[in-house]
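Quick notes on the structure that follows.
The values are calculated or read from the model by the stated rules, or taken from the named source; none is laboratory data. None of the values given here were measured: they were computed from a predicted structure. Backbone-built Cβ (ideal geometry, glycine too); neighbour counts: all protein chains shown.
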Amino acid sequence: MSDTEPFRAVTATDVARVAGVSQSTVSLVLNGKGRGRISDKTVRRVTETAQRMGYRINQSARHLRLGASGTVLLAVPTLTNNAFAAVHAGAARRGAEHGLGLVVFPLSAEDGTSPFSAPQQALDGVIACSMPAKTVADVSAGVPLVVLDDAPAPGIPAVTMDVSGGMALALNRLLDLGHRHIAHVRADRPAWTFEQRARAFDLGVRTRPDVMTQRIPCPFAPSMVRERMMPVLSAPDRPTAVVCDDDNMATGVYSAAMSLGLTIGTDLSVIGFNDAPAASQVTPGLTSVRLPLEDLGDQGMRMLVGLRGGVTADPDPLPVALVERGSTGPAPQV
């Protein structure tokens, strides 16, 4: 090609010519429809030829032929919580295998308002994370919908995590360590996932008259958590352990405790939720309930792809785990 000759993208016809097969064979192979119709040897030859020549499927033309946009919407409450980045990663990776792109759409900010207008482009489906189906009714009308980390609604499939079991793991570990005055820093947001955590905490201490508890609703902002925890941790009968609904909230507890001269892991045990990357970077490392957020996104996209093909499923909640680090220890004598 000369310096003045315009660039020409490799076409399926070019691949067919070099591979020595028909254009229809190339189309079947590269669109994943060759299984059982074309020999494995031919499939390998076409695939290797296409890769060597740098051939890329024209997704716009493909979606136009199929009458689809190739776009799935991931609706989340906010972009300020990095947990949703992990959900996006899992869903996007699975969607790419099916030629589906993923667009993230925050329905509201932390204060409950939204600067974003509803998306108007055609969608192949909607995945709503940590919000009920009715919240995304305007953007999900007429397309398949899957709900993540929220209560299943009639006719709408959901993928959940065992957040109740996670709270039980956290609470039981603190009880095993001898803590008898435990606070629960609760996310001040009406969401199913936080209701499940609160219910599990309350159930876990209901039959323990020897355990004193405090329930402290807080916004997600660490600064607000710090403000609300300062009087709690400076009281003469302060809690010796705190469970937080989110790792970011736990950092606010860290800040309040250190301002009061309390040593995390010795004077005060702290457990978070999510096991965000920062949990292993703070000092001491934060004990946290690890939520399988990438798996949540992956399973959600799998379910959505199945719905588009007429397949429904009712999966069990995804398992969680407690990851122990230096922020938890035996109850001190206070």
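Summary table
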item	result
Check on V147, modelled with pLDDT of 85 or more, touching a Ser or Thr at 6+ places or on another chain (Cβ under 7 Å) and either not in a helix (DSSP H, G or I) or not assigned by TED's automatic domain parsing to the domain that holds V211 (or both)	no
Single condition S255 does not satisfy, out of (1) of a type in the set (S, T, N, Q); (2) assigned to a helix (DSSP H, G or I); (3) touching an Asp or Glu at 6+ places or on another chain (Cβ under 9 Å)	(3)
Filter result (of a type outside the set (A, V, I, L, M), crowded, with 18+ Cβ neighbours inside 10 Å and within 24 Å of A86 (Cα to Cα)) within segment 136-178	S140, P144, D149, D150, P157, T160, D162, S164, G166
Count of residues meeting criterion [more than 24 Å from R238 (Cα to Cα) and assigned to a loop (DSSP other than H, G, I, E, B)] in segment 189-218	3
Candidate set from segment 141-171 (those that are of a type in the set (G, A, S) and in contact (Cβ under 8 Å) with a residue 40 or more places away in the chain); member that is farthest from R94 (Cα to Cα)	A170
